[in-house]
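Notes follow once the structure below has been shown.
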Amino acid sequence: MKKLLTVCAALTCVLGIISCKGKKDGLAGQEITLVMAEVNLEGTISAQMDQAFKEKVEELSGGKIKIDLQTGGILGDEESVMDLLRKPGNTIHLQRISAFNVAALGCEKSSLLVIPFTFANKDHFWKFATSEAAQSILNEPYEDGVGLKGLFYGEEGFRNFFATKKLSSPQDFNGIKLRITSDPIMKGIASGLKANAVSVGFADLYSALQTGIADAADQPLANYLANHFHNIAPYMVLDGHTLGVTEVVIASETWDKLSKEQRQILTEAGRYAGEVCRKVSQEAEDAAKAQLLAEGAVFTEVSDLTPWQTASADIIAESAKAAPELYQEILDLAK
């Protein structure tokens with residue numbers, strides 16, 4: 001029944017877009033429903049951010065714009081939904097997506113956000129998130145004709161490696177099967193660690209670790225807990241190699257049909273949702289670490305990041321070439 005309602009809502013919006021084709025403001029004044037995909041479960045950091053966005057959009061629009069939020073990967077994994085979002089006549093309109101996957105589309109500016117050890121801490125990231133540099137990166141896929149428009153940023157905490165056996169140093173990764181996403185930067189990290197890269201979809205990661213297809217992967221603390229990875233891969237090394245930067249994106253086709261006022265509502269709601277994310281992310285991370293320790297997870301603290309940064313030196317240097325001045329601008333925001 002829930003899936004039927006989702007399809008009906010999506011079709012309502014799509015029909016609205018089609019019927020207004022050719023008008024200056026394709027959806028101006030209409031009551032519309034935008035379907036939004038979230039791969040993580042309800043209650044996770046990203047899902048809470050999405051919920052805040054949904055509620056603020058509906059409040060600011062007086063109910064004229066409704067967000068049909070589907071969590072838990074009901075609509076598919078990130079990569080498959082991203083592909084659907086970019087196709088003409090799509091029935092999914094919004095998605096919370098990892099910056100890794102935006103970078104994988106060839107968006108060079110977006111790739112800067114997933115370079116290892118870019119953000120010194122969360123304050124550094126949130127200072128960036130409200131900067132002009134951030135806006136230029138959000139606009140990149142739209143301006144490049146990729147089929148997506150970035151609306152706002154979120155974060156899920158710093159990503160750490162976890163494994164089915166204890167890994168304490170970069171040398172311990174030599175030869176292990178490390179699950180990575182398909183983007184070049186994660187491939188570069190795996191190469192620098194001399195690990196064997198394994199491409200596994202997020203939905204299949206638990207079983208891959210369980211069956212030995214993968215020995216290790218990386219996730220922020222809260223997602224590591226929420227997806228119960230500690231039950232089968234209880235060892236985590238707190239290297240914080242990248243921040244789990246996320247973006248909420250909208251299909252370019254949908255964005256092009258919105259009026260100026262509707263766009264402003266989505267943008268303002270996005271700023272509000274980002275503030276919610278900043279608060280709940282730290283709270284969730286602190287609570288997750290305490291619970292994970294209580295449930296048997298084993299953490300290895302990293303007192304010196306130098307060996308880890310050295311292992312990633314090649315991919316850091318190579319990736320920064322995409323937009324060196326912009327990358328330096330991001331780094332300088334830590335000051």
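Of note:
- So ALA120, is it of a type in the set (A, V, I, L, M, F, W, C) and crowded, with 18+ Cβ neighbours inside 10 Å: no
- Filter pass, PHE125 being open to solvent by less than 30 Å² (accessible area, probe 1.4 Å), in contact with a Phe, Trp or Tyr (Cβ under 7 Å, 6 or more places away or on another chain), part of a loop (DSSP other than H, G, I, E, B) and touching a residue at least 40 places away in the same chain (Cβ under 8 Å): no
- Residue in the range 305-315 that is under 17 Å from GLN135 (Cβ atoms), in contact (Cβ under 8 Å) with a residue 60 or more places away in the chain and open to solvent by less than 30 Å² (accessible area, probe 1.4 Å) present: no
- Among residues of the range 266-290 that are touching a residue at least 24 places away in the same chain (Cβ under 8 Å) and β-branched (Val, Ile, Thr), those with a beta-carbon under 8 Å from a residue that is open to solvent by 60 Å² or more (accessible area, probe 1.4 Å) and assigned to a helix (DSSP H, G or I) at least six positions away or on a different chain give the pairs VAL276/GLN48; VAL280/GLN48.
- Residue in the range 289-303 that is crowded, with 16+ Cβ neighbours inside 10 Å and assigned to a helix (DSSP H, G or I) present: yes
- Within the range 187-244, being within 24 Å of ALA288 (Cα to Cα) and of a type in the set (S, T, N, Q) holds for SER207, GLN210, GLN219, ASN223, ASN227, ASN231, THR242.
- For the range 83-117, residues that are outside any loop (DSSP other than H, G, I, E, B), open to solvent by 50 Å² or more (accessible area, probe 1.4 Å) and in contact (Cβ under 8 Å) with a residue 24 or more places away in the chain total 2.
- So ALA52, is it surrounded by 20 or more Cβ atoms within 10 Å (Cβ to Cβ) and closer than 22 Å to ALA133 by Cα: no
- Test for SER80: is it open to solvent by 10 Å² or more (accessible area, probe 1.4 Å), on the phi < 0 side of the Ramachandran plot and within 20 Å of the chain's Cα centre (by Cα): yes
- The range 83-96, residues that are at pLDDT 95 or above and in contact with a helix residue (DSSP H, G or I) (Cβ under 6 Å, 6 or more places away or on another chain): ILE92, HIS93, GLN95, ARG96
- Check on ALA322, part of a loop (DSSP other than H, G, I, E, B) and of a type outside the set (Val, Ile, Thr): yes
- Of the helices (runs of 4 or more DSSP H) lying entirely inside the range 167-286, those containing at least 2 residues that are in contact with a Phe, Trp or Tyr (Cβ under 9 Å, 6 or more places away or on another chain), within 30 Å of PRO88 (Cα to Cα) and open to solvent by 10 Å² or more (accessible area, probe 1.4 Å) are 252-257.
- Scanning the range 55-77 for residues that are assigned to a helix (DSSP H, G or I) and surrounded by fewer than 20 Cβ atoms within 10 Å (Cβ to Cβ) yields GLU55, GLU58, GLU59, LEU60.
Residues checked against (1) at pLDDT below 95; (2) within 16 Å of ALA273 (Cα to Cα):
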residue	(1), (2)
GLY22	yes, no
GLU38	no, yes
SER46	yes, yes
LYS56	no, yes
GLU59	no, yes
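The values are calculated or read from the model by the stated rules, or taken from the named source; none is laboratory data. Computed from a predicted model, the values in this text were never measured in an experiment. Quick reminder, even Gly has a Cβ in these numbers, built from the backbone with ideal geometry, and neighbours come from all protein chains shown. Side chains included, ligands, DNA and RNA excluded: accessible areas come from the protein's heavy atoms. Shrake-Rupley method; radii C 1.70, N 1.55, O 1.52, S 1.80 Å.
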